[in-house]
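Scroll down for the structure; my scribbles are underneath it.
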Amino acid sequence: IVAADYSQIELRLMAHLSQDPGLLRAFKNDMDVHAATASEVFDVPLADVTQEQRRQAKAVNFGLMYGMSAFGLSQQLKIERKIAQSYIDVYFQRYPKVHDYMEQARQQASKQGYVETLTGRRLFTPEINSKNGIRRKAAERAAINAPLQGSAADIIKLAMINSREWLLSSQASVSLLMQVHDELVYSVDENGLDENVEKIKFFMENAFDLSVDLLVEVGVGDNWEEAH
């Protein structure tokens, strides 16, 4: 069993869609993006980032992509709300283009009633101008996140489509078993394993041209659990 998983694809898509110099630099230099964020948010050298700071920065990175508020972040990290807000404020100071992307997504959804993935698929947001604050906020969160999650879904489908001819050829002793979120799971003959793993990575990492490289991490085992 070969489990091939896109690494931090939504953060890479955020870097592409926002064109934020800080995020682009982190990925192009092959940095640990959560540690890089921790370095920025906590104003410490990258080498001095602690595991706890990295954990908190990871929560900020992923939380903001889902439109998490200071209250939500404070609940998740079990910290005071004002501290959580300070983390968010500093994050946007360090990554201003991310904030711009989020605002543009809200405005686009409000103006035209939908947002789009990189391939042009639309997510409609009928509640975006609702007078009900809860419904409006939910639609705003969807408008921010849908192009990220939706584009990730598009990319993995393109990887499957682009590899179809190879998978059906007599040269490939490989079967695609299933998709699990950002991961494709294959049954691969042990003969030629390394060659086939490289082929799988090629199709997945070249499914779409982003401003930063797509990265696929691969695990191998006798069953799905061992492959992780």
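The values are calculated or read from the model by the stated rules, or taken from the named source; none is laboratory data. All values derive from a computational prediction rather than experimental measurement. Every residue, glycine among them, receives a Cβ derived from its backbone with ideal geometry; neighbour counts consider all protein chains shown. To get the accessible areas, we keep the full protein, side chains included, count just its heavy atoms, and leave off ligands, DNA and RNA. Shrake-Rupley method; radii C 1.70, N 1.55, O 1.52, S 1.80 Å.
Only one entry in A139, A105, A152 is open to solvent by less than 60 Å² (accessible area, probe 1.4 Å), among the small types (G, A, S), assigned to a helix (DSSP H, G or I) and touching a Phe, Trp or Tyr at 6+ places or on another chain (Cβ under 9 Å), namely A152. Evaluation of V115 against the conditions (1) under 28 Å from L158 (Cβ atoms); (2) in a helix (DSSP H, G or I) shows that the sole unmet condition is (2). Where helices (runs of 4 or more DSSP H) fall wholly inside region 2-57, the ranges with 3 or more residues that are closer than 21 Å to V212 by Cβ and in contact with a Ser or Thr (Cβ under 8 Å, 6 or more places away or on another chain) are 9-18. Taken residue by residue, region 151-174 has at least one member that is among the small types (G, A, S) and in contact with a Ser or Thr (Cβ under 6 Å, 6 or more places away or on another chain). For region 176-215, a tally of residues being buried (at least 19 other Cβ atoms within 10 Å of the Cβ) and part of a strand (DSSP E or B) returns 4. Of all the residues in region 77-102, those that are outside any helix (DSSP H, G or I) and not aromatic (F, W, Y) number 3. Of V60, V41, all but one fail to be within 15 Å of the chain's Cα centre (by Cα) and surrounded by 19 or more Cβ atoms within 10 Å (Cβ to Cβ); the exception is V60.
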